[in-house]
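Asks: Before I ask anything, let me first share the structure, which is written out below as structure tokens.
The values are calculated or read from the model by the stated rules, or taken from the named source; none is laboratory data. Because the structure is a prediction, the values reported are computed rather than measured. Here the Cβ is made from the backbone with ideal geometry for all residues, glycine too, and neighbour counts use every protein chain on show. In case anyone asks, the SASA skips ligands and DNA or RNA and just uses the protein heavy atoms, side chains included. Shrake-Rupley method; radii C 1.70, N 1.55, O 1.52, S 1.80 Å.
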Amino acid sequence: MLPVLAAHPAGTDVRGLLLELDPELSGRARRTAGSMGLRSVDVRTVDAGAADTYRDVGRAHIVLACGVFGNLSDADMRRTVAALPALMVPGGIVIWTRGRGLGAGDRSDDVRDGFAAYGFLELAFVRPEDARFRVGMSRLRKANGARLEPGARLFQFL
Ligand SMILES: C[S@@+](CC[C@H](N)C(=O)[O-])C[C@H]1O[C@@H](n2cnc3c(N)ncnc32)[C@H](O)[C@@H]1O
């Protein structure tokens with residue numbers, strides 16, 4: 001994401017928030033953003049699964065939920081998708097990823113069902129025949145009253 005922003009004519013105007021629990025990874029992202037002149041990108045070393053992390057965070061136009069859902073229980077995946085409207089402007093977009101999983105079915109379809117159930121319209125879904133990754137893009141149709149309860153937990157990695 002950082003090189004994409006840095007290469008875009010309006011990239012330095014984009015306000016971005018990156019959340020990562022691992023201090024080494026978040027430190028690397030922070031240094032990279034700085035070296036690319038992306039002064040409006042804020043990298044925080046925090047627990048993205050804790051609702052309180054979002055207390056001072058404004059509503060986003062674009063949310064990237066990549067490399068997350070495949071590490072969660074089904075209940076946590078659905079809880080997280082249900083909470084996303086509380087973090088977004090109506091009409092905002094989520095870009096998400098999920099591997100197909102190891103079993104017979106494709107677990108990314110559970111995530112698609114979750115987005116459909118919680119007020120999102122699927123704009124795109126990529127399922128390459130020769131690869132296990134899937135990418136979805138879903139738009140929040142309208143505000144739906146979702147809110148984050150103080151102290152609540154959205155997800156924890158398995
Ligand atoms: C599969 S990686 C995905 C990284 C990146 N989003 C990507 O797509 O390349 C999952 C990342 O989530 C981080 N992580 C795990 N639990 C987290 C949490 N509760 N809050 C924030 N980050 C977490 C891990 O440290 C790891 O860097």
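Asks: In square angstrom, what is the accessible area per residue of segment 58-147 with a 1.4 angstrom probe?
Replies: On the way: 4760 Å² over 90 residues.
Per residue, segment 58-147 has 53 Å² of solvent-accessible surface.
Asks: On to the next question. What size of dipole, in debye to the nearest 20, comes out for the chain about its Cα centre when the only charges are +1 on Lys and Arg C-beta atoms and -1 on Asp and Glu C-beta atoms?
Replies: The dipole of the chain has a size of about 320 debye.
Asks: Now a separate question. Give the Cα extents of segment 1-57 along the principal axes, in whole Å, largest first.
Replies: If we take the Cα atoms of segment 1-57, the spans are 34, 23, 14 Å.
Asks: In the chain, if the dipole is taken from +1 on Lys/Arg beta carbons and -1 on Asp/Glu beta carbons about the Cα centre, which of Ile93, Ala75, Gly105 is farthest to the positive end?
Replies: Ile93
Asks: Quick one: with all protein chains in place, what share of the accessible area of segment 1-57 is carbon or sulfur, to the nearest percent (1.4 Å probe)?
Replies: Details: 1990 of 3700 Å².
Answer for segment 1-57: carbon and sulfur cover 54 percent of the accessible area.
Asks: Could you give the angle, 0 to 90 degrees to the nearest 10, between helix 108-117's Cα long axis and the longest principal axis of the Cα atoms of the chain?
Replies: 90
Asks: If you take every residue apart from Arg134 with its C-beta less than 10 Å away from the C-beta of Arg134, what net charge results, scoring Lys and Arg +1 and Asp and Glu -1?
Replies: On the way: positive: Arg98, Arg100, Arg107, Arg112, Arg127, Arg132; negative: Asp106, Asp109.
Taking every Cβ under 10 Å from that of Arg134, the sum is +4.
Asks: Step by step: find N for the chain, compute 2.2 N^0.38 Å, then divide the Cα radius of gyration by it. What's the final number?
Replies: Working: Rg = 15.9 Å, N = 158, 2.2 N^0.38 = 15.1 Å.
The chain yields a ratio of 1.05.
Asks: Excluding ligands, DNA and RNA, what is the solvent-accessible area per residue of segment 1-57 at a probe of 1.4 Å, expressed in Å²?
Replies: On the way: 3700 Å² over 57 residues.
Per residue, segment 1-57 has 65 Å² of solvent-accessible surface.
Asks: Determine the dipole magnitude for segment 58-147: charges of +1 sit on the beta-carbon of Lys and Arg, -1 on that of Asp and Glu, nothing else is charged, the reference point is the Cα centre, and the result goes in debye to the nearest 20. Before the final figure, lay out the partial values.
Replies: Details: 14 positive and 9 negative charges, 73 e Å.
For this selection, approximately 360 debye.
Asks: Still on this structure, I have one more. Mind pulling the angle between the C-alpha long axis of helix 74-83 and the longest principal axis of the chain? Nearest 10 degrees, somewhere in 0 to 90.
Replies: 60
Asks: Could I ask something else about it? Take the alpha carbon atoms of segment 8-25, find their center, do the same for segment 85-158, and report the distance between the two centers in whole angstrom.
Replies: Computed from Cα coordinates, the inter-centre distance equals 21 Å.
Asks: Assign one of three labels to segment 27-80, namely rounded, prolate or oblate, based on the Cα gyration tensor with a ≥ b ≥ c the square roots of its eigenvalues; rounded applies when a/c is under 1.5, prolate when it is not and a/b is larger than b/c, and oblate otherwise.
Replies: Values: a/c = 2.27, a/b = 1.78, b/c = 1.27.
In terms of gyration-tensor shape, prolate.
Asks: For the chain, take the longest principal axis of its alpha carbons; what is the angle in degrees between that and the long axis of helix 23-35, to the nearest 10 within 0 to 90?
Replies: The angle comes out at about 50 degrees.
Asks: What percentage of the solvent-accessible surface of segment 91-136, computed with a 1.4 Å probe over protein heavy atoms, is contributed by carbon and sulfur atoms?
Replies: Whole-percent figure for carbon plus sulfur exposure: 56.
Asks: Ok, one more. Pull up all non-local amide H partners of Met88: gap of 5 or more, or a different chain, and H-to-H distance under 5 Å with H placed in the peptide plane.
Replies: For Met88, the qualifying residues are Ala60.
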